[in-house]
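Below is one structure; the comments refer to it alone.
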Amino acid sequence: QLQLVESGGGLVQPGGSLKLSCAASGKTFNYNSIGWFRQAPGKGREGISCISSGGRTNYADSVKGRFTISRDNAKNTVYLQMNSLKPEDTAVYYCAVDTVRAMCVLTDSYDFWGQGTQVTVSS
């Protein structure tokens, strides 16, 4: 079974940058779509970005132009580069794998989830 572990979160000032990693083990995800989601206090889970097995990407309007998703299939790892961070980006960030769809979507229907990593943007 596929296991996912997120890392790279932390405390950063507004305007700063962080790079999150999602490492898979137990099984390759080279043929799957991968999504990044986040959940802020008191809010529902939000899909922010995804990348298909072929490398096509989607972004939520809230992060478009600031965040970049990428994947390294040789390392079985997906990344989320976050620039120009804002206080409203504060949330727990999760990566997830979709084993069904060929094209990635920003819905909440994914099969495997990581434990999450906290991102806090504050001055």
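Residues in region 102-119 carry Karplus couplings, in order, of 7, 9, 7, 10, 9, 7, 8, 9, 10, 8, 10, 10, x, 7, x, 9, 7, 10 Hz; the curve used is 6.51 cos²θ - 1.76 cosθ + 1.60 with θ = phi - 60°, and Gly or Pro positions show x.
Here the chain is treated with +1 on each Lys and Arg Cβ and -1 on each Asp and Glu Cβ, and its dipole about the Cα centre works out to around 180 debye. Remark: region 79-89, residue by residue, has Karplus-estimated 3J(HN,Hα) of 10, 10, 7, 10, 10, 6, 5, 10, x, 6, 7 Hz, where x stands for each Gly or Pro and the curve is 6.51 cos²θ - 1.76 cosθ + 1.60 at θ = phi - 60°. Taking 0.36 nm per residue of sequence separation and removing the Cα-Cα distance, the Gln3/Asp108 pair yields an extension gain of 36.0 nm. Once you reduce region 20-59 and region 81-123 to the center of their Cα atoms, the two points are 6 Å from each other. The chain has equivalent-ellipsoid semi-axes of 23, 14, 13 Å, by the square roots of 5 times the alpha carbon gyration tensor eigenvalues, sorted largest first. Tally up the carbon and sulfur contribution to the accessible surface of region 14-123 as a whole percent, 1.4 Å probe, everything protein left in place. Carbon plus sulfur share of accessible area: 48 percent.
Taking amide hydrogens as placed 1.01 Å from N in the peptide plane, the amide H of Ser49 sits under 5 Å from those of Trp36, Ala60, each at least 5 positions away in sequence or on another chain.
The values are calculated or read from the model by the stated rules, or taken from the named source; none is laboratory data. Note that the structure is predicted; figures quoted are calculated from it, not measured. Don't worry about glycine lacking a Cβ; one is built from the backbone with ideal geometry, like all the others, and counts go over all protein chains shown. Quick note on the areas: whole protein, heavy atoms, side chains included, nothing else; ligands and nucleic acids left out. Shrake-Rupley method; radii C 1.70, N 1.55, O 1.52, S 1.80 Å.
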